1. Which of the residues spanning segment B:245-301 are touching an Asp or Glu at 6+ places or on another chain (Cβ under 7 Å) and in a loop (DSSP other than H, G, I, E, B)?
2. Return yes when A:SER396 is touching a residue at least 60 places away in the same chain (Cβ under 8 Å), touching a Lys or Arg at 6+ places or on another chain (Cβ under 7 Å), within 12 Å of chain B (Cβ to nearest Cβ) and of a type in the set (Gly, Ala, Ser) and no when it is not.
3. May I ask you to say which residue of A:ALA81, A:ALA69 is open to solvent by less than 40 Å² (accessible area, probe 1.4 Å) and touching a residue at least 60 places away in the same chain (Cβ under 8 Å)?
4. Please work out which residue is nearest to A:PRO117 (Cα to Cα), limiting yourself to segment A:146-179 and to residues that are touching a helix residue (DSSP H, G or I) at 6+ places or on another chain (Cβ under 9 Å) and among the charged types (D, E, K, R).
5. Just to be sure, is B:GLU213 out of contact with any helix residue (DSSP H, G or I) (no Cβ under 7 Å at 6 or more places or on another chain) and in a loop (DSSP other than H, G, I, E, B)?
6. Being open to solvent by less than 50 Å² (accessible area, probe 1.4 Å) and either of a type in the set (Asp, Glu) or not in a helix (DSSP H, G or I) (or both) is the filter here, so list the residues in segment A:316-331 that pass it.
7. In segment B:16-119, which strands (runs of 3 or more DSSP E) lie fully inside it and hold 2 or more residues that are in contact with a Gly (Cβ under 8 Å, 6 or more places away or on another chain)?
8. Hey, B:PHE341 hits all of (1) open to solvent by 40 Å² or more (accessible area, probe 1.4 Å); (2) within 21 Å of B:PRO253 (Cβ to Cβ); (3) at pLDDT below 90 but one; which does it fall short on?
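The values are calculated or read from the model by the stated rules, or taken from the named source; none is laboratory data. Since we're looking at a predicted model, the values are computed, not measured. Methodologically, a virtual Cβ is constructed for each residue, glycine included, from the backbone with ideal geometry; neighbour enumeration extends over all protein chains shown. Each accessible area value is taken on the protein alone, full model and side chains, heavy atoms only, with ligands, DNA and RNA left out. Shrake-Rupley method; radii C 1.70, N 1.55, O 1.52, S 1.80 Å.
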Amino acid sequence: MAILYGQITTNKPVRIISSTGGSRIFKYVLMIDIEKNRPVILDRKVQKNRWKWHGTIVEFHLEGDYPKAMPRILEYLKLTAIVNPYANITFVDPRGRLYRFERKSEEVPPPPVETLPHPHGVDVETLQRIIRSTSCTNMLNFMKEHFHRVGEQTARQFLKFAGIDERLNPKRLRPNDLVDLVRAMKSFNEFLPPDANCLSPIGEDLMRTGILKELEPRFMAVSQRKPSAYSGHPFIVEVAIAYGGKVPTRNDITLYRFANKIPLMYDESGDVSWKILRSINWRRYGVSPGMPIAVLVHLCSTKIPYKTVGKELIADIPEISREILNGIREVARRLRRYLMRRKQVERQRRRLTIFSRYLPKIATFSAQLGGLKEMPDINKLYKRQMVFRDYETGNSYTDGEAFNAEPYKTILVMAKNKHESNSVILRVLGLTGSRWRVLIPEVTLEAGAEFYEMLTKKVRLVKIQVKSAARNKPGIFEAFIDGLSE
Amino acid sequence: MERNVKSKSLDRKEIVLESLEGLGRRFCEQIDKGVFPWVEMKSRSTDNIFYSPELRQYVLGERVVRRSSRIVRHLRPFTQMVWTAYFVKELIQQRKTSTLRDVYYSAQAYDIFFKDQAESDNIITDLETVTGFPREDLNVFPEERSAVFGDLTIEYTVPGYEGRRLNLTSHPDGLMIGPALTNARLVKTGADKVIVIEKGAMFTRFVEERVYEKFNAILIYTAGQAPRSTRYFIRRLNQELELPVYIFSDADPWGMHIAMVIISGSANAAHLRDLTTPDAQWAGVWASDINSYKLPSEGLSDIDIKRLHELSRDPRYKGKLWQREIKMFMKIKKKCELEAFSRYGLTHIVDKYLPERLKELGA
């Protein structure tokens with residue numbers, strides 16, 4: 001599409017350089033024969049690949065209003081990077097600025113596999129084309145040969161249902177017969193559902209990687225729905241929700257749509273995902289307007305049911321919208337759990353702050369009021385212990401001072417990385433019996449970031465461990481443990 | 001006739017101090033035991049305020065609230081109360097006094113914060129409820145002041161004046177009933193009654209007309225609703241010197257209530273004792289006086305009438321005189337001020353009304 005647009009506005013060829021890392025690099029200069037929809041190769045070079053380079057470079061010219069289009073282009077690339085986290089994407093813009101989206105995974109999902117059409121999804125045009133090219137001489141073989149998930153038994157059952165002789169030569173079907181056949185195919189319910197093995201979804205892990213690298217959210221949940229089908233076309237819906245970090249804060253939830261790993265940028269409000277997103281009562285999930293939340297919906301299918309030729313908005317197919325709705329609900333439920341917990345932790349933190357402010361004063365003035373020389377010991381009620389103070393982190397974990405957790409019901413861990421640029425990694429361990437167990441696994445604290453969490457497990461001792469996130473790049477770490485016997 | 005009397009003022013301070021220190025020791029013990037300090041006090045909410053016919057004043061019911069430092073929203077008021085207790089203990093020990101406003105400002109020096117004076121006033125009321133002592137016993141006084149004049153010799157107990165004596169006729173404007181006077185010993189008196197007056201102009205007139213001599217009375221000016229220290233002082237005159245008390249206020253529901261609060265106290269002070277003078281008498285101006293003395297009057301407003309209806313249902317107003325006068329007000333729908341007597345000359349009230357009324361009341 002882009003190349004076509006470039007050609008009709010500038011009439012310049014496109015240059016493509018590509019190699020899979022084998023011994024050769026291919027260079028093509030080509031244009032498109034628009035009438036026949038075929039490439040016209042103007043130049044072709046094959047070069048030795050001495051450095052085992054692999055990748056693809058596409059260079060073309062097109063006319064456009066770059067200052068206006070720039071945010072959309074960058075957004076497009078960012079979204080592409082999210083769903084293709086195994087790709088390094090480099091973009092040099094017309095002003096000569098370089099944008100890089102670095103890969104965070106070496107793993108590539110298996111590519112889609114070519115597959116036969118499912119009888120439910122075939123139209124008269126397609127059927128005619130298949131008949132023209134078939135070598136089958138009877139209908140039984142024709143059905144077995146050219147359609148997805150049709151075996152001997154199913155083919156027999158179907159032909160009986162359609163009232164067509166098994167021995168009939170498909171080339172002898174008249175135009176009217178073709179229409180009847182397509183109708184019969186659509187109404188026959190015994191065909192096995194299409195197999196989704198041919199599809200290439202992103203997968204939950206890669207989706208997580210992609211979101212993490214481009215949005216750096218504080219929380220995310222990803223869900224790949226079970227394969228399903230509409231009108232003979234298999235599809236898989238993948239849904240994710242991300243909160244905080246670089247997720248934009250807008251009045252509404254930000255929606256990112258993808259079809260077969262391609263970001264859909266325009267006509268958002270006509271899309272089925274948009275409609276579904278709007279129909280959900282987000283308050284039930286603890287979401288209020290103005291929260292930095294993004295929902296990602298990826299539809300992977302042999303046929304994306306676009307509403308328009310522009311291929312920007314997906315139609316409301318009941319089978320698909322059901323999967324999208326359930327997928328969003330599932331990740332939203334996980335977000336709700338996260339938000340509720342954060343709320344609870346936040347409440348506890350505020351509570352502890354109040355105790356820490358007032359209890360010492362109560363003790364001081366009570367002692368003075370009672371005419372006592374010694375202050376009563378409030379540590380039994382509330383204790384704040386500083387376990388790291390302006391500590392320069394090392395390359396491996398260092399233990400903080402252990403905190404005796406036994407007298408306390410509520411324990412809160414608070415930490416801060418005071419460094420200007422270096423990140424640190426911390427974790428929290430608890431001693432139960434004679435074994436230290438990880439209570440909070442690795443948390444990365446970026447420069448200036450704060451962390452606080454409530455411990456839910458009853459343990460004897462608590463300790464924090466910390467190390468630099470990158471070798472020889474120490475952070476400055478400070479941490480408290482608070483205990484309250486209430 | 002002069003009498004010498006023994007004052008209880010000093011011993012009382014010892015009791016207050018002991019009570020405050022006990023509170024502090026108790027909190028410390030609680031903390032040492034690993035318990036979040038707490039304190040219980042009677043609830044001051046309106047549904048826990050009852051009228052006691054025996055005590056002839058409002059009292060608090062049995063319902064108790066617990067203020068505990070383990071509850072987040074109690075922490076701040078609890079801390080404020082402990083500080084206030086400490087602050088007033090220091091005041092008492094150093095024999096100094098403070099005002100409500102001063103307490104509010106002093107807190108900041110100790111890194112204790114009150115949002116406004118209402119908050120600190122409320123904490124002081126809490127402390128009154130917990131200890132059972134009025135704030136005057138805690139050496140905290142309100143700003144408003146009233147005055148006293150008459151043949152009463154007092155002996156100061158405040159620092160710098162200890163042992164110094166003063167006769168309350170020594171200054172013609174009267175003496176301010178402030179902390180020093182409230183805490184003074186009552187040494188001797190030649191008076192045989194107390195006359196309480198609501199209005200400043202009338203008080204001055206009574207002094208000028210030598211009412212204290214002619215009627216052998218100690219005169220007290222309340223400046224409207226009597227401050228607590230004044231109510232406490234009137235009670236002392238009544239209890240310690242066994243002097244009958246007569247109250248003169250405007251002839252309207254509000255004046256009537258000024259007298260009533262001196263006699264039976266207010267619902268706001270239901271947590272306190274020793275502020276009432278149940279044997280004091282409302283001597284006028286009555287509604288019936290408006291007609292019998294042909295006093296210039298105004299019509300009752302809607303608010304006045306509403307207030308009269310409220311008072312008619314108030315348990316403190318059960319007495320015959322009160323009910324009679326309320327009915328009279330409703331009947332004549334008139335009210336007048338103490339100053340109304342001036343219509344018949346400046347001395348009319350002293351020459352005619354006062355002797356007649358006192359005689360009527362058996363004085």
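1. Answer for segment B:245-301, where residues must be touching an Asp or Glu at 6+ places or on another chain (Cβ under 7 Å) and in a loop (DSSP other than H, G, I, E, B): B:SER249, B:ASP250, B:ASP252, B:HIS271, B:LEU272, B:VAL285, B:TRP286, B:LEU295.
2. Values: touching a residue at least 60 places away in the same chain (Cβ under 8 Å): yes; touching a Lys or Arg at 6+ places or on another chain (Cβ under 7 Å): yes; within 12 Å of chain B (Cβ to nearest Cβ): no; of a type in the set (Gly, Ala, Ser): yes.
Answer is no for this residue.
3. Details: A:ALA69 fails: touching a residue at least 60 places away in the same chain (Cβ under 8 Å).
Checking each option against the conditions leaves just A:ALA81.
4. Our first condition is that a residue be touching a helix residue (DSSP H, G or I) at 6+ places or on another chain (Cβ under 9 Å); within segment A:146-179, this holds for A:146-152, A:154-156, A:158-159, A:161-171, A:173, A:175, A:178-179.
Checking the rest, the ones that are also among the charged types (D, E, K, R) come to A:149, A:152, A:156, A:165-167, A:171.
Working: A:ARG149: 9, A:GLU152: 17, A:ARG156: 18, A:ASP165: 22, A:GLU166: 20, A:ARG167: 22, A:LYS171: 19 Å.
Result: A:ARG149.
5. Values: out of contact with any helix residue (DSSP H, G or I) (no Cβ under 7 Å at 6 or more places or on another chain): yes; in a loop (DSSP other than H, G, I, E, B): no.
No, not satisfied.
6. A:ILE317, A:GLU323
7. Numbers: elements: B:38-42, B:49-52, B:57-60, B:64-68.
Qualifying strands (runs of 3 or more DSSP E): B:49-52, B:57-60.
8. (1)
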